[in-house]
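My questions will all concern the structure given below.
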Amino acid sequence: MDTHLISSRHNLEGDDPIFRINTIAQSRQAQGHPVINLSIGTLLDDDGQLVTLKTVIDTWKALTPLEVHPYAPIMGDLKYIEAMTHRYWPESPTPVLGCATPGATGALVVSLRNLLEPGQSVVTFAPCWTPYETLAFENKIKLEKVPYLFMGDDTPLAVIESKLESIMKQQGRILFWLNDPCHNPTGQHLTTAHRQALLSMFDRLSQQGPVSVILDLAYLEFARDASAIQNILKDYAEWGASTPALLGAALSISKPLTLYGARCGALVFPWRTDDQLKTALSISCRGLFSNAPRAPQSLVKKLYGDKSLLQKLKSEHHHWSTLLTNRADQLSKLLSEKHIDHSHFDGGFFITVPHDKPQELSQRLEAQDIYSVPLKRGIRVAICALKEKETPRFVDALHRSI
Ligand SMILES: Cc1ncc(COP(=O)(O)O)c(C=O)c1O
């Protein structure tokens, strides 16, 4: 029978898996069950309350009507784009080439629209943030995965190079979404040696065709060691300024300011000037979402441009990064005591526990009212939502179920 829905949209898989699991967990919790919900990437305190940052709230409350109500420019407010960029790369030249987007999600989508032809493949690590699949699918792009580079294991390097070579041969260009540092879901940074090996690979491939690398930087404020993040960003900046490849970054305020619902981010190319790229970005903005919200752009300009506010924000980030690190260390200790393999936490909101049958494992956990996200070869554990007092129960349940 005919339906109004076009045939390519028939029988699609339903809800986003992360939001679906979270909804089940929340409804069980509302019925009074002892739920441990480790599914969604939202920072909660040890009472299970959403973490909000006072500096952000105070700045938001002080916004004037004219900083909230008008449309923002199509590509976003240039001062906002520069504030976002200079937060991570204070020395990058101005004006910054880039556009404001609805979250890092919007930035990733804009990168697909401009750096690949429909039907081509974007490459990323496995495991990855699972919605990458949907972002690619919805934009008529395929998602190809290469193994994540874990510390002490160089074997994936050859696999990655051969896969990239073959994609370059097939489609004449490469787009790599590089979620480093603070990788979701492993919680790790690449080692310096692995990062340099990967960047050299991109340099070599650039001799065969255009290589674009978009850093997906959603979690930088929540790391074990803030100075490690700065060094990594410096390495990327040095490479971005000298490589024939195109280096860009998908930036966000969702986690950095715990403003998940404000839906604001940016796609920036701080080491490039290119009028054609600029025009293409502006057309993507108009054609996909018209422009990103004005209020969060006004907020970022105020917050990131004020030294004393930044100092307050820094101490709030330090507080919550310490809490996340303590949670990760407590969890790691208990997992190690039970000989349960897991990723080492450098930063971000998650760690992973490898497993051959992740769907079955997460179902066994769900039967005990513990909700995590199954990946292809393990489960993702949201330490951002793991209360200290619940960690022993989680580890015991995992031990029984594994
Ligand atoms: C790795 C990664 N990239 C991008 C995003 C999207 O973030 P935003 O809310 O800024 O769209 C997330 C959100 O969880 C993420 O984990």
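Just checking, does the stretch 143-155 include any residue being modelled with pLDDT of 95 or more, within 14 Å of the ligand (Cβ to nearest atom) and of a type in the set (A, V, I, L, M, F, W, C)?
Yes: the stretch 143-155 contains one or more residues that are modelled with pLDDT of 95 or more, within 14 Å of the ligand (Cβ to nearest atom) and of a type in the set (A, V, I, L, M, F, W, C).
Can you tell me which residue in the stretch 86-112 is nearest to the ligand (Cβ to nearest atom), limited to those that are over 16 Å from the mean Cα position of the chain (by Cα) and under 19 Å from Q230 (Cα atoms)?
R87
Given the conditions (1) within 21 Å of P270 (Cα to Cα); (2) within 15 Å of the ligand (Cβ to nearest atom); (3) touching a strand residue (DSSP E or B) at 6+ places or on another chain (Cβ under 8 Å), which single one is not true for F202?
All conditions are met except number (2).
Just wondering, is there one or more residues in the stretch 51-67 that are of a type in the set (S, T, Y), within 15 Å of the ligand (Cβ to nearest atom) and under 16 Å from L257 (Cα atoms)?
no
Those residues that are within 16 Å of the ligand (Cβ to nearest atom) and not β-branched (V, I, T), I need them from the stretch 114-130; list them, please.
F125, A126, P127, C128, W129
Still on this structure: Just give me the residues in the stretch 165-205 being in a helix (DSSP H, G or I) and either surrounded by 16 or more Cβ atoms within 10 Å (Cβ to Cβ) or of a type in the set (A, V, I, L, M, F, W, C) (or both), in sequence order.
I167, M168, Q171, A193, H194, R195, A197, L198, L199, M201, F202, L205
Would you be able to say whether some residue in the stretch 69-89 is more than 27 Å from K314 (Cβ to Cβ) and not in a loop (DSSP other than H, G, I, E, B)?
Checked the stretch 69-89: no residue is more than 27 Å from K314 (Cβ to Cβ) and not in a loop (DSSP other than H, G, I, E, B).
Pairs only if they're at least six apart or on different chains, beta carbon under 6 angstrom, first in the stretch 140-155 and exposed (fewer than 15 other Cβ atoms within 10 Å of the Cβ), second modelled with pLDDT of 95 or more; list them, first residue then second.
K140/P118; M151/T191
Could you please let me know if Y236 is over 24 Å from L164 (Cβ atoms), crowded, with 20+ Cβ neighbours inside 10 Å and not hydrophobic (A, V, I, L, M, F, W, C)?
no
Before we move on, is L178 within 23 Å of A104 (Cβ to Cβ), within 13 Å of the ligand (Cβ to nearest atom) and of a type in the set (A, V, I, L, M, F, W, C)?
yes
A follow-up question, please. Filter the stretch 206-233 down to the residues that are within 16 Å of the ligand (Cβ to nearest atom) and assigned to a strand (DSSP E or B), then identify the one that is surrounded by the most Cβ atoms within 10 Å (Cβ to Cβ).
I214
On to the next question. Only residues that are assigned to a strand (DSSP E or B) and within 19 Å of S315 (Cα to Cα): list them for the stretch 27-68, please.
L44, L50
Moving on to the next point. Looking at the stretch 34-56, can you tell me whether even one residue there is surrounded by 15 or more Cβ atoms within 10 Å (Cβ to Cβ), among the β-branched types (V, I, T) and closer than 30 Å to S121 by Cα?
For the stretch 34-56, residues surrounded by 15 or more Cβ atoms within 10 Å (Cβ to Cβ), among the β-branched types (V, I, T) and closer than 30 Å to S121 by Cα: present.
A follow-up question, please. Mind listing whichever residues of the stretch 312-321 are surrounded by 12 or more Cβ atoms within 10 Å (Cβ to Cβ) and of a type in the set (S, T, N, Q)?
The answer is S321, and nothing else.
Could I ask something else about it? Going through L309, L299, L277 one at a time, which residue ends up being surrounded by fewer than 22 Cβ atoms within 10 Å (Cβ to Cβ), more than 22 Å from G348 (Cβ to Cβ) and in contact with a Ser or Thr (Cβ under 9 Å, 6 or more places away or on another chain)?
L309
The values are calculated or read from the model by the stated rules, or taken from the named source; none is laboratory data. These numbers come from a predicted model, not from an experiment. For neighbour counting, all protein chains shown are included, and Cβ atoms are generated from backbone atoms with ideal geometry for every residue, glycine included.
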